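Worksheet for the structure shown next.
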Amino acid sequence: MANSGGSAVCNGHLHSHRKQSDSSQNGDCRRNGAVREAQQNGKPHFYEKPIVESFEEAPLHVMVFTYMGYGIGTLFGYFRDFLRNWGIEKCNAAVEREEQKDFVPLYQNFENFYTRNLYMRIRDNWNRPICSAPGPLFDVMERVSDDYNWTFRFTGRVIKDVINMGSYNFLGLAVRYDESMRTVKDVLEAYGVGVASTRHEMGTLNKHKELEDLVAKFLNVEAAMVFGMGFATNSMNIPALVGKGCLILSDELNHASLVLGARLSSATIRIFKHNNMQSLEKLLRDAVIYGQPRTHRAWKKILIMVEGVYSMEGSIVNLPQIVALKKKYKAYLYMDEAHSIGSVGPTGRGVVEFFGMDPQDVDVLMGTFTKSFGASGGYIAGKKDLVDYLRVHSHSAVYATSMSPPIAEQIIRSMKFIMGLDGTTQGLKRVRQLAKNTRYFRQRLQKMGFIIYGNEESPVVPLLLYMPGKVAAFARHLLNRKIGVVVVGFPATPLAEARARFCVSATHTREMLDRVLEVLDEMGDLLQLKYSRNRKSAHPELYDESSFELDD
């Protein structure tokens, strides 16, 4: 997959980071100097390691049995719906009122059928109530169901010291109160909990200004603006940046907040295949050549939207090549660093630092404080003109309540901790420990024979389960062994690619990880989950494609 001279895999071909070459029909990759020196808060950084990502395909028999499982479940679902329609079986799901029986159905669609007949069977593996801080160990409230997961009741028992492999607590900063959080307590006493106003009215505090200045310094950009909700940072700001007559080119695996923001903007949306530069360049070329539909006028604006680390795939955006394309075709780049800021890069400054690039290469830097910083909210950062424009036109600034002061202080103390402004190097040690834990956990899983997705440096580790029955058994068995995991299926993933998603933390000890790996090894044998044939980057539509068609 890689050679010793600094080569990497890009669209299925080996190339050198030290050399620049043009892309062509044979699939060669375009380089834009990814190894050039970058100045990140005064510290040079070179990215010379190969980009190693794995998207191994499942064996054919696994996919056959997976679809058979869903097919059998669907047949029984229709049979049970028949029994419900005739009153033989009680229906606990939402149904149309009798006086609305002639209306177009409000609830009856495939998603509702799936929820009622498939999801409900394994619903106990989601929404588990936690009754402690989301540290490396947490406590889970035990619950049982007497009606096949339609309702739950608590038993009064608490499952103590469950190893937390599901929370986004990458740096371990979401913990119980201790003396290091004294400043948060002081701010709570001085400011209270709520602001009770928007940023445009009486809701801009000196704490918000302090936080925004610190975020700009952390990211090495001109300015930043913070918002009280991470999801709304995308969904409410994208419509302020693009509108009718603009074109959005969105990665097919972008988060729902990016998708919603794009739809609300009224801009034309076109999708490119995940991390596939050939697909993106084809759309960019067509957009420049043909312009808008019917009129063929030039697009007012072309915006490329990507994520830093993709939360369901564990992959890292191919930023150097995307920046090269956006410069070539004069497009803008919007990057969501919700999962990568604080967790990726030598000092935790995200994907830009990870590749050793200039922050000015990304026009709009977005991120959230909900993962690595142990808080809530999000930010938009970049040039001062951009931030000043959003202060006036952002829907969040105009209509949403400002960020809570104690939350702002929590982010400030966390960011200072990472930057070393607290007078220690503990923050940097946490970032490095997270990288060590991530590599160790991923390498061990691969050696065991599991199919895992994503980049070897990504702390988000999807482990493919495929079959719906195994999804439920996997989560239930692990909880019985006092390991808490997140399992994910349709519609958050493709129907046949259900998975468990592990989130590695810097505060996971080697003993904890070894304990989890030991149990996973047992579960892999018990449930026959070790599907890997040790073929990395075998996903052809992601890495080895020279011709394709995309729907508008």
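The values are calculated or read from the model by the stated rules, or taken from the named source; none is laboratory data. Bear in mind that the values here come from a model prediction, so they are computed numbers and not experimental data. Here the Cβ positions follow ideal geometry from the backbone for every residue, glycine too, while neighbour counts run over all protein chains shown. Just the protein is used for accessible areas: all its heavy atoms, side chains included, with ligands, DNA and RNA removed. Shrake-Rupley method; radii C 1.70, N 1.55, O 1.52, S 1.80 Å.
Dipole size in debye (nearest 20) for the range 179-419 around its Cα centre, Lys and Arg Cβ +1, Asp and Glu Cβ -1? Can you show the working numbers first?
Working: 27 positive and 23 negative charges, 177 e Å.
Using Cβ point charges on Lys, Arg, Asp and Glu, the range 179-419 gives about 860 debye.
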What do the square roots of 5 times the Cα gyration tensor eigenvalues come to for the chain, in whole Å, largest first, as semi-axes of the equivalent ellipsoid?
-> 35, 30, 28
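Explain nothing, just the number: dipole magnitude of the chain about its Cα centre with +1 on each Lys and Arg Cβ and -1 on each Asp and Glu Cβ, in debye rounded to the nearest 20. Don't skip to the end; give the middle numbers.
Working: 68 positive and 60 negative charges, 123 e Å.
Value, rounded to 20: 580 debye.
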Could you check how much of the accessible area of the range 384-509 is carbon and sulfur, as a whole percent, using a 1.4 Å probe?
-> 55 percent
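Per residue, how much accessible area does the range 119-261 show when a 1.4 Å probe rolls over the protein heavy atoms, in square angstrom?
Values: 6810 Å² over 143 residues.
Per-residue accessible area for the range 119-261 comes out at 48 Å².
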Cβ-based charge dipole, the chain, positive-most Cα from LEU365, LEU478, SER394 | LEU365
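Mind checking the dipole of the range 293-389: about its Cα centre, +1 per Lys or Arg Cβ, -1 per Asp or Glu Cβ, Debye to the nearest 20? Mind dumping the intermediate values first?
Details: 12 positive and 10 negative charges, 126 e Å.
It comes to approximately 600 debye.
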Just going by the charge dipole of the range 60-123, with Lys and Arg at +1 and Asp and Glu at -1 on Cβ, which of TYR119, PRO105, LEU83 is farthest out on the positive end?
-> TYR119
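How do the peptides 57-68, 267-278, 89-100 rank, highest first, by the average count of neighbouring beta carbon atoms within 10 Å per residue?
On the way: 57-68: 14.2, 267-278: 21.0, 89-100: 11.6.
Averaged packing, sorted descending, gives the order 267-278, 57-68, 89-100.
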One finds the C-alpha centres of the range 447-490 and the range 136-178 to be spaced, in Å, by 17 Å
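Go ahead and estimate [θ] at 222 nm for the chain from helices alone: -39,500 (n - 2.57) per DSSP H run with n ≥ 4, summed, over the residue count, rounded to 500. Please list the in-between numbers first.
On the way: 17 runs with 192 residues, N = 552.
The per-residue figure over the chain is -10500 deg cm²/dmol.
Take peptides 509-518, 484-493 and line them up by average Cβ neighbours within 10 Å, highest first, as a rough protection proxy.
On the way: 509-518: 14.9, 484-493: 18.0.
The peptides rank, most packed first, as 484-493, 509-518.
Counting every Cα pair in the range 343-385, what percent are over 11 Å apart? Intermediate values should be presented prior to the final figure.
Numbers: 621 of 903 pairs.
For the range 343-385, the share of Cα pairs beyond 11 Å comes to 69 percent.
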Once Lys and Arg are counted +1 and Asp and Glu -1 for all other residues with Cβ under 11 Å from that of PRO405, the total becomes -3
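For the range 405-477, with every protein chain kept in place, what is the accessible area per residue (1.4 Å probe, Å²)? Spell out each step's value before the answer.
Details: 2430 Å² over 73 residues.
Per residue, the range 405-477 has an accessible area of 33 Å².
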Calculated from backbone phi, Karplus (6.51, -1.76, 1.60) coupling profile of the range 419-434 in Hz, x at Gly/Pro | 7, x, 6, 8, x, 10, 10, 5, x, 5, 5, 5, 4, 5, 5, 4
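I'd like to compare 321-329, 117-125, 172-180, 142-150: which one has the highest average count of other Cβ atoms within 10 Å, and what's the full order after that? The partial results should precede the final answer.
Details: 321-329: 19.8, 117-125: 18.2, 172-180: 14.2, 142-150: 12.7.
The peptides rank, most packed first, as 321-329, 117-125, 172-180, 142-150.
Within the range 60-123, what whole-number % of the accessible surface is contributed by carbon and sulfur, with the 1.4 Å probe and all protein chains included in the calculation?
Numbers: 3050 of 4750 Å².
After summing per-atom areas, the C and S share lands at 64 percent.
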Taking +1 at the Cβ of each Lys and Arg and -1 at the Cβ of each Asp and Glu, which of ALA223, PHE272, GLY356 sits farthest along the dipole of the range 179-419 towards its positive end, judged by Cα position relative to the Cα centre?
-> PHE272
